[in-house]
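Input: a single structure, listed below in C-alpha cells.
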Amino acid sequence: MKRLLQTAALAAATALTLGAAHAAEPIKIGHVVGLSGPLEPYAKQLQTGLEMGIEYATDGKNEVLGRPIKIITKDTQLKPDRARALLEEAYADDEVDLAVGPVSSGVALAVLPIAQQYQKIVIPQGVANSITGQNWNRYVFRVGRNSDQDAISNAAAIAKKGVCVATLAQDYAFGRDGVSAYEQAMKKRGGKVVHKEFVPTDTTDFTAPAQRLFNSLKDRSDCNGKYIFVIWAGGGNPLSKIKDMKPERFDIKLTTGGNILPALVAYSEFPGLEGATYYYYEHPNNKVNDWLVKEHFKRFNEPPDFFTAQGMATGMFIVKALRKAGSTDTEALIGAMEGMKFDSPKGELTMRAEDHQTLQPMYHFRIKVEQRSNWFPNRTVTAGVPELINVIKASDMDIPIRNQ
C-alpha cells in the first residue's frame with residue numbers, strides 16, 4: 001500500500017511538473033518581413049511597433065495565458081519565393097502559433113497560400129486590396145489599412161464635382177490596386193481619373209511619365225481643378241522630380257498620401273499639399289498613442305512613425321485575441337478575431353468579420369512647412385508637417401467587401 005501511495009505521489013508530481021513546463025512554453029509569433037531593400041525602414045518600424053504593442057498590452061510582462069511571447073524574425077529580402085519558404089519554415093520548423101507577414105503587397109500576396117496550406121493565421125502588412133480581396137483566405141487578417149481606405153480618404157481630401165486627376169503609381173499590386181480604388185472613389189464624389197501611369201518600382205527618371213501626365217491634363221477645359229495623384233512606396237522621390245518640371249505652368253497641383261518621417265522631409269517642397277494618411281504621431285488623441293509617443297521618445301530620442309503605429313496595433317490585436325480565445329488554437333483564434341474590437345494608437349479599431357479587414361479612421365492633412373528638431377536625434381530639419389484638417393472616421397468610409 002505504501003509503495004502504491006509513493007508511486008501515485010510521484011506520478012502526480014510528474015504531471016504537475018510537465019503541466020508547468022507546458023504552461024511555460026512560449027507563444028511563438030513569426031515575423032516574416034523585408035529587413036533589407038528599399039522597404040527596410042518600414043520593416044524596422046513594424047518590428048519596433050510589434051514589440052511595443054505586445055509590451056503595452058501585457059503591462060510590460062510580455063506574456064499572455066501564463067506563457068511568454070517570443071517573436072521569431074525572418075528577412076524576406078523583398079523576394080516572394082524567399083518569403084514563401086520562410087513562412088513555411090516558421091510554421092513547420094519553428095512551430096509558430098501565428099505569423100505577421102510582409103509589408104510589400106507583392107510579397108504578402110505570395111505567402112497567403114502558405115497560411116491556408118498550414119491552416120495557421122498570417123497578418124500581412126501590405127496594402128493591396130487583393131490581400132483581403134480576391135487572394136484572401138480565412139487565415140488572413142489585416143490590421144493595417146487597405147487600398148480602399150487610402151483611396152477613399154485621399155479622394156475625400158480633394159474631390160469635388162469636375163475635378164480631373166492623372167495618377168502615377170508603381171507597377172505592382174500596391175500601385176494598381178491603389179489606382180483602381182482611387183478611380184472608383186473619385187467617381188463617387190463627382191471627380192474623374194483621366195490618365196494612369198504605371199512605372200517599374202525602381203524608377204528614378206520620371207521625365208517621360210511626368211510629361212504624359214501633363215499632356216493628359218494641360219489642355220482640358222472641362223476640369224474644375226487639375227491634380228496629379230502619386231501612390232509610391234520606397235525610394236525614387238517622384239513628387240520632387242515632377243515638381244521640378246513645374247506643373248503649376250498648367251494649373252496642375254500635386255496630391256498624395258502620408259508617409260514616414262524621412263519622406264515628409266521632402267514634403268517641405270509642397271506647402272499646402274493636401275492628402276490623407278494612415279498615421280502621424282501628433283494626430284490621434286488617446287492614451288495608447290500618448291504612451292507610444294512618450295516611450296518612443298524616451299527610448300529612441302525620436303517620435304514613432306507611420307509603421308510603428310501599425311506594428312503596435314498588430315501586437316495589441318494579437319494579445320487581445322489570445323486572451324479572448326484562451327489558447328493558441330487556430331480555430332479558437334479565428335473565432336476570437338472575427339468582429340473583434342481592439343485598442344490601438346489610432347483609437348478603437350474593428351476587425352470586420354466578413355473579410356478580416358480592419359476598419360479604422362484616416363487623417364486628412366495639409367502640409368505646413370516647419371523646422372523640426374525632434375524628428376531625428378541630434379538633427380534639425382525643414383519638414384513638411386502634415387497638419388490635421390479632419391479625422392475621417394471609419395463610419396464615414398464605405399469600404400467594399402472584395403472577397404466575395
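Read-outs throughout are calculated quantities, based only on the coordinates presented, and are distinct from any laboratory measurement. Given the structure is predicted, the values throughout are model-derived calculations rather than measurements. In this analysis, Cβ positions are derived from the backbone assuming ideal geometry, glycine residues included, and neighbour counts consider all displayed protein chains.
Of note:
- Counting only residues at least eight positions apart within a chain, or on another chain, the lysines with an alpha carbon under 23 Å from that of K196 are K160, K161, K187, K188, K218, K226, K241, K243, K246, K253.
- If you take all other residues with their beta carbon under 13 Å from the beta carbon of A115, and give Lys and Arg +1 and Asp and Glu -1, the sum is +2.
- Among 36-47, 66-77, the peptide with the highest mean count of other Cβ atoms within 10 Å heads the list, and the full ranking is 36-47, 66-77.
- Whichever aspartates and glutamates have a C-alpha closer than 13 Å to that of K192, once near sequence neighbours (fewer than 8 apart) are set aside: E183, D222
- Difference of contour (0.36 nm per residue) and Cα-Cα distance, V369 to A24: 119.0 nm
- Relative contact order, percent, the chain [alpha-carbon distance under 8 Å, six or more residues apart]: 17 percent
- Looking at region 141-241, the DSSP beta bridges with both ends there are about 0 percent antiparallel.
- Among beta bridges from DSSP that stay inside the chain, the antiparallel ones total about 40%.
- The dipole here belongs to region 209-289: it is taken about the Cα centre, uses +1 on the Cβ of Lys and Arg and -1 on the Cβ of Asp and Glu, and is about 160 debye.
- The alpha-carbon atoms of region 283-361, seen along their principal axes, cover 41, 25, 18 angstrom, with the largest extent given first.
- Point-charge dipole on Cβ atoms (K/R +1, D/E -1) for the chain, about Cα centre, debye to 20: 560 debye
- Net charge in the neighbourhood of A159 (other residues with Cβ under 9 Å of its Cβ; Lys, Arg +1, Asp, Glu -1) is +4.
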